[in-house]
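K.L.:
One structure follows; several queries about it will come next.
Quick note: the coordinates plus some simple rules give every number you see, no bench work behind them. Worth saying up front: this structure is predicted, and the values here are computed from it rather than measured. Note that we place each Cβ from the backbone using ideal geometry, even for glycine, and neighbour counts take in every protein chain shown.
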Amino acid sequence: MKVQNQKVLLLQNKLYVSEVFGATIQGEGKRAGKVSLFIRLAKCNMSCSGFQVKYKVAGKTKFGCDSYYAVDTAFKSTWESLNSDEIINKAKKLSKLKNIDIVISGGEPLVYWQNGYFQDILKYFIKNKHFITIETNGSIDIKINKKYQRKVMFSIGLKLQNSNEQYTKRININAINNLLKNSTQSYLKFVVSGKESELKEILEIKNKVNILDNNIYLMPLCSTAKELRKIEKKVVQKAIKYNFNYSDRMHIRLWDNKRKV
């Protein structure tokens with residue numbers, strides 16, 4: 001009875017949603033340029049103050065990642081508490097495109113992996129022939145034991161020391177290998193400024209996980225188009241030197257990281 005009650009609770013707890021927007025394009029990673037619809041879930045197990053994106057909330061200056069509004073609970077009043085049907089209906093109203101990519105972002109979406117509504121969203125879009133990407137920091141170990149779950153591509157944005165998060169919090173080798181093993185399209189993505197110390201850290205991680213060089217992407221550490229132009233060539237040079245992929249950040253280049261809602 002206790003186990004059953006826990007399952008009911010997981011289904012009943014709605015998902016905190018920061019924003020649903022599209023149609024637009026995926027700006028980064030393996031599916032860059034694909035017409036996509038984004039479901040950005042709120043809550044995260046990290047803050048990544050080292051990324052130094054400056055913002056103000058309640059008169060206080062803070063630093064975080066470029067999606068701070070989906071991470072910092074100070075923005076909780078802007079989040080919607082929705083079930084799967086409500087989220088799916090929002091997505092359907094925004095785009096009638098049959099084959100549009102669905103990107104589930106955050107925050108950290110995998111904090112909701114055991115939630116029944118989260119799984120219902122995956123099942124619905126996969127059943128309706130949409131390609132699903134889940135953007136995750138790769139630190140949460142999940143169970144992937146359903147056929148539909150293996151069709152999801154995980155864009156695993158591992159955090160380096162430049163995020164200002166502790167190694168034991170940001171790097172979970174078992175969790176990373178689990179995602180890579182159970183979803184063959186998944187890949188690793190690192191936000192870098194082009195420093196050699198960052199590449200050294202990436203190589204150390206690479207030696208501990210099951211991945212080929214062509215499934216590793218380097219992406220510029222920036223939050224504005226101006227910052228992107230300043231370091232993009234340096235990051236490209238590192239990608240060439242180490243035979244990794246370069247990932248642009250087209251959404252920042254085009255819209256300067258302005259929110260689409």
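K.L.:
What translational diffusion coefficient, to the nearest whole µm²/s, does segment 210-261 have by Stokes-Einstein, given a Kirkwood radius computed over alpha-carbon pairs, a temperature of 37 °C and 0.692 mPa s viscosity?
P.N.:
Values: Rh = 11.8 Å.
Answer from the Stokes-Einstein relation: 279 µm²/s.
K.L.:
Here's another thing I want to ask about it. Under 8 Å for C-alpha pairs, at least 6 residues apart: give me the relative contact order for the chain, rounded to a whole percent. Walk me through the intermediate numbers first.
P.N.:
Numbers: 504 pairs, mean separation 47.7, N = 261.
With pairs under 8 Å counted, the relative contact order is 18 percent.
K.L.:
Order these peptides, 53-59, 197-203, 91-97, by their mean beta-carbon neighbour count within 10 angstrom, highest first.
P.N.:
Put in order of decreasing packing, that is 197-203, 91-97, 53-59.
K.L.:
Scaled to the compact-protein estimate 2.2 N^0.38 Å, what is the alpha-carbon radius of gyration of the chain, rounded to two decimal places?
P.N.:
Normalised Rg, Cα atoms only: 0.98.
K.L.:
Continuing with the same structure: Have a look at segment 22-95 and give its Rg and Dmax from the Cα atoms, expressed in angstrom.
P.N.:
Radius of gyration, then largest Cα-Cα span, for segment 22-95: 14.7, 38 Å.
K.L.:
Which value in deg cm²/dmol, rounded to the nearest 500, describes the helix-derived mean residue ellipticity at 222 nm for the chain, given -39,500 (n - 2.57) per DSSP H run of n ≥ 4 and division by the residue count? Intermediate results must be reported in sequence, preceding the final value.
P.N.:
Numbers: 8 runs with 83 residues, N = 261.
Value at 222 nm, helices only, nearest 500: -9500 deg cm²/dmol.
K.L.:
Using 27 Å as the Cα-Cα cut-off, could you pick out the over-long pairs in Lys127/Lys159; Lys96/Lys230; Lys189/Lys258; Lys54/Lys195?
P.N.:
Lys127/Lys159; Lys96/Lys230, as the Cα separations exceed 27 Å there.
K.L.:
Ok, one more. Place a +1 charge on the Cβ of each Lys and Arg in the chain and a -1 charge on the Cβ of each Asp and Glu, then give the dipole magnitude about the Cα centre in debye, rounded to the nearest 20.
P.N.:
Rounded to the nearest 20 debye, it is 440 debye.
K.L.:
Which of the listed residues, Phe190, Gln52, Tyr167, is farthest toward the dipole's positive end in the chain, when Lys, Arg count +1 and Asp, Glu count -1 at the beta-carbon?
P.N.:
Of the listed residues, the answer is Phe190.
K.L.:
Starting from the alpha-carbon convex hull of segment 61-131, give the projected area averaged over all orientations, in nm².
P.N.:
Taking the Cα atoms of segment 61-131, their convex hull projects to 5.6 nm² on average.
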